[in-house]
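One structure is given here, and the rest of the page talks about it.
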Amino acid sequence: MIPKGLADEKEYIALLTKGGTGLLYQKVGLCYLHSQEPPSSRPLIDKFTRKATAALRKSKMNPIAFGGFYACPCGKAHSASTDFILPDGTLTNSLLIHYLAMHREEVDLKDLATIERFDSGAEEPTEEEIFPSVITFNYIHDFAE
């Protein structure tokens, strides 16, 4: 599955080869933050967080893995080593729910508008989805598909 916004696999590979993941995320990514602010004192669980939770649970694992993990600068969450393609084709990462719940002030309004259009339902996030760790990614669906 090719992320939404890209013509084909050739464009996908070219973006990764030419500019690495940064160029790809600028073009088609959702909620790729490098948080500069401290996290909220409490998770913000609202329609955006719930819609993103439902969509991430139904996502497909990106076939391209990066071999490393990203730790949110707040120290409360760690990413998986790959991205996820949401049911509508949007590319995102495993920290989507963390960013929405804990770093909402840094989330771009266009990302919230994208999430508003999701039609995968709305679900309550678990503690593990809000604060994922490298060791336990049990909140993400079974990738055996």
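The values are calculated or read from the model by the stated rules, or taken from the named source; none is laboratory data. Note that the coordinates shown come from a computational prediction; the quantities given were computed from them, not determined experimentally. A quick note on method: Cβ atoms are made from the backbone with ideal geometry, for glycine too, and the neighbour counts reach across all protein chains shown.
Can you tell which of Lys51, Lys27, Lys110 is of a type in the set (Lys, Arg), at pLDDT 90 or above and outside any loop (DSSP other than H, G, I, E, B)?
When all the criteria are applied, what remains is Lys51.
Within region 71-98, work out how many residues are more than 12 Å from the chain's Cα centre (by Cα) and either more than 13 Å from Phe118 (Cβ to Cβ) or not in a loop (DSSP other than H, G, I, E, B) (or both).
7
Select, from Ser79, Ser41, Ser59, the only residue that is surrounded by fewer than 19 Cβ atoms within 10 Å (Cβ to Cβ) and either modelled with pLDDT of 85 or more or not acidic (Asp, Glu) (or both).
Going through Ser79, Ser41, Ser59 in turn, the sole match is Ser41.
Where the second residue is at pLDDT below 75 and the first is under 28 Å from Glu37 (Cα atoms) and lies in region 59-74, which pairs have Cβ atoms under 6 Å and are six or more apart or on separate chains?
Close Cβ pairs satisfying both conditions: Phe69/Val134.
What single numbered condition from (1) surrounded by fewer than 17 Cβ atoms within 10 Å (Cβ to Cβ); (2) of a type in the set (D, E, K, R); (3) at pLDDT below 90 fails to hold for Asp119?
Failing condition for Asp119: (3).
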